[in-house]
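Let me begin by presenting the structure, written as structure tokens, before commenting on it.
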Amino acid sequence: MRNFWIYTLARLGIIVAVGLILQPFLGLNLVMAMAAIIIGAILSYIFLGGMRAKVAEDIETRVAKRATTPKRKNADEEAEDRIVDDEN
């Protein structure tokens with residue numbers, strides 16, 4: 001989870017930095033914000049590939065762990081299963 005937050009903050013930092021660079025040229029408006037987001041996304045894709053791969057690997061590991069861990073039933077679910085099994 002730590003890698004996710006570092007990657008997210010790095011992307012946000014790139015967008016803010018691009019916005020600060022564009023602000024004197026475009027002013028503080030929606031066009032500047034959209035340009036900063038688009039240019040920041042492109043730069044993030046180019047320069048943060050390694051971090052993105054680590055985050056994807058972490059997410060894949062967590063999903064695989066969640067899929068292999070059996071869901072625990074509470075008392076109500078177990079009682080309901082017994083009732084349904086007895087009826088059949």
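The values are calculated or read from the model by the stated rules, or taken from the named source; none is laboratory data. Bear in mind that the values here come from a model prediction, so they are computed numbers and not experimental data. In case anyone asks, the SASA skips ligands and DNA or RNA and just uses the protein heavy atoms, side chains included. Shrake-Rupley method; radii C 1.70, N 1.55, O 1.52, S 1.80 Å.
The residues of the chain expose, per residue, 84 Å² of accessible area to a 1.4 Å probe. For the chain, with all protein chains in place and a probe radius of 1.4 Å, 65% of the accessible heavy-atom surface sits on carbon or sulfur. Seen against the Cα atoms of the chain and their longest principal axis, helix 49-68 is set at about 10 degrees. Once divided by 2.2 N^0.38 Å, the Cα radius of gyration of segment 39-87 becomes 2.21. Note that the chain, at 25 °C in a medium of 0.890 mPa s, gets a Stokes-Einstein diffusion coefficient of 146 µm²/s from its Kirkwood radius over C-alpha pairs.
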